[in-house]
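Trainee: Below are the structure tokens for one structure; questions will follow.
Read-outs throughout are calculated quantities, based only on the coordinates presented, and are distinct from any laboratory measurement. As the structure is a computational prediction, the values presented were derived from the model and not from experiment. Cβ atoms come from the backbone with ideal geometry, glycine included; neighbour counts cover every protein chain shown.
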Amino acid sequence: MSPSDELAVRLRRLEQQIRSFKELHTTEVSDLAQKLQAITKMHADELQLILDELADIASEVTTEAPTASGADPAASSPKRARWLAEQERKSKPLSRRELLRGRGEDP
């Protein structure tokens, strides 16, 4: 084989390598772009979930705000009534007899 034939063979091999690399590179970049698109969509969906949750919390806060600034919502609860009665009972002085016999204490 003459030197020019060898050179032609080497050039064809090199050309084939470049074509293969080009096809492989194009395929890899295309796959990467698809994966990036999927990740971007997933992140956008996650962020939308967070924004929806924040909007839900904000709506709850704004609906509860008038209640908090107005009358006490626990004022009419039975638990608060029992607590107030207990506080009133504790504030009244006990006689020594009531104190020693345990009156005025919860049974």
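Trainee: How about K90: which lysines have a C-alpha closer than 23 Å to its C-alpha, ignoring those fewer than 8 places off in the same chain?
Mentor: K79
Trainee: Still on this model: Please compute the length gained on full extension between E46 and L94, using 0.36 nm multiplied by the number of residues separating them and subtracting their Cα-Cα distance.
Mentor: Between E46 and L94, full extension yields an extra 11.0 nm.
Trainee: Calculate how steeply helix 3-69 sits against the longest principal axis of the alpha-carbon atoms of the chain, using the helix alpha-carbon long axis, and give the answer as 0 to 90 degrees to the nearest 10.
Mentor: On a 0 to 90 degree scale, this one is about 10.
Trainee: Between S4 and S20, what length comes free when the chain is fully extended (0.36 nm per residue of separation minus the Cα-Cα distance, one decimal in nm)?
Mentor: 3.3 nm
Trainee: Right, something else. Just to check, using Stokes-Einstein with a Kirkwood Rh over alpha carbon pairs, what's the diffusion coefficient of segment 3-70 at 25 °C and 0.890 mPa s in µm²/s?
Mentor: Translational diffusion coefficient: 141 µm²/s.
Trainee: A further question follows. Modelled label-to-label distance, T27 and L84, 7 Å Cα→beta-carbon offset: nm?
Mentor: Each label point lies 7 Å from its Cα, and together they span 8.0 nm.
Trainee: Report, in deg cm²/dmol and to the nearest 500, the calculated mean residue ellipticity at 222 nm for the chain, where each DSSP H run with n ≥ 4 adds -39500 (n - 2.57) and the sum is divided by the residue count.
Mentor: Computed mean residue ellipticity for the chain: -29500 deg cm²/dmol.
Trainee: Using the basic label-point model (7 angstrom from Cα toward the beta carbon), what is the L54 to S77 distance in nanometres?
Mentor: In this crude label model, L54 to S77 measures out at 3.1 nm.
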